[in-house]
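Peer 1: Before we start, here is the structure in question, set down as structure tokens.
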Amino acid sequence: MTNDLQTVGSTVPLKQAVILIAEDEVEIAEIIAAYLERSGLRSLHARNGREALAMHLSHKPDLLLLDVQMPELDGWRVLSEVRLRGDTPVIMLTAMDQDIDKLMGLRLGADDYVVKPFNPAEVVARTQAVLRRATPRPGSPATQRIRVKPLQIDQERHEVLADIAGQLLPLELTLTEYKLLLQLARSPKRVFSRGELLAHCLPESDALERTVDSHISKLRKKLEALGIRGIPAGVRGVGYRFGGEP
């Protein structure tokens with residue numbers, strides 16, 4: 001199946017996706033835009049953080065290529081605001097090849113990152129990959145099933161299966177445990193704060209953030225009983241991510 005038949009949303013083919021490039025260096029933005037255009041992707045350009053937020057709100061892009069070091073508002077602050085608004089896929093463009101910067105991006109909800117200087121073709125490839133991963137074709141089995149090793153989650157049946165040595169074993173979870181696992185599995189590389197998990201999985205509850213720890217602990221024990229360790233993974237002082245092998 002060619003890329004132009006794959007979709008980003010309910011009606012938008014991959015090759016018609018709109019990419020917002022938030023980059024203060026015009027030459028870099030123009031190069032990225034040219035490569036995106038060659039691949040059939042459309043692009044918009046924001047020159048600073050405030051403009052990026054305004055264009056994100058008005059144009060609703062399908063993905064945001066976000067430079068970390070920008071005037072007005074830096075990339076971290078823009079990313080934080082974008083995440084408060086929703087789940088627009090974000091790829092960080094950073095000149096800082098340090099683990100702490102990568103962790104910062106993942107903690108705040110970035111889907112991927114590219115370190116400068118980069119090959120523009122790699123940026124396009126990563127953009128296409130994140131778009132496909134973020135929004136599968138409507139109505140396809142992938143829309144209803146999430147597979148992150150060693151688990152398979154069937155959203156239609158509310159069923160979780162664990163692949164243990166090639167054998168699929170059912171995992172008996174409470175509704176809250178299921179919601180937590182599903183939320184983490186949807187973005188396996190992203191680190192979610194306890195507050196985010198509480199808002200997504202227990203929106204009508206008056207529970208405190210430490211309640212999340214209790215549910216995560218019970219979920220982890222059920223997985224460990226099947227020989228699965230490190231899922232969910234705790235990130236000290238931050239929250240949780242899926243863990244395991246995405």
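Peer 1: Which length gain, in nm to one decimal place, applies between Ser58 and Lys221 when the Cα-Cα distance is subtracted from 0.36 nm times their residue separation?
Peer 2: Residue separation times 0.36 nm, minus the Cα-Cα distance, leaves 54.2 nm.
Peer 1: So how far apart, in nm, are the two label points at Ala233 and Leu208 if each is 7 Å from Cα heading toward Cβ?
Peer 2: In this crude spin-label approximation the distance works out to 2.9 nm.
Peer 1: On to the next question. Listed highest first by mean packing, meaning other Cβ atoms within 10 Å per residue, what order do 71-80, 184-193 come in?
Peer 2: My ranking of the peptides, most packed first, is 184-193, 71-80.
Peer 1: For the range 28-75, what value does the Rg/Rh ratio take when both radii are computed over Cα atoms and Rh is the Kirkwood radius, given to two decimals?
Peer 2: Values: Rg = 10.9 Å, Rh = 11.3 Å.
So for the range 28-75, dividing Rg by the Kirkwood Rh gives 0.97.
Peer 1: Taking the Kirkwood radius as the inverse of the mean 1/r across Cα pairs, report the Rg/Rh of the range 145-241.
Peer 2: Ratio of gyration radius to Kirkwood radius: 0.94.
Peer 1: If I stretch the segment between Glu27 and Asp87 completely, what's the gain in nm (0.36 nm per residue apart, minus their alpha carbon distance), one decimal?
Peer 2: Length gained, Glu27 through Asp87: 18.8 nm.
Peer 1: At 7 Å along the Cα-to-beta-carbon direction for both Arg50 and Glu172, put a label point, then send me their distance in nm to one decimal.
Peer 2: Reported label-point gap for Arg50 and Glu172 is 5.8 nm.
Read-outs: derived from the displayed coordinates by stated rules, not from any lab. Since this is a predicted model, take the numbers as computed values, not measurements. Because the Cβ atoms are built from the backbone with ideal geometry, glycine has one as well, and the counts that use them run over all protein chains shown.
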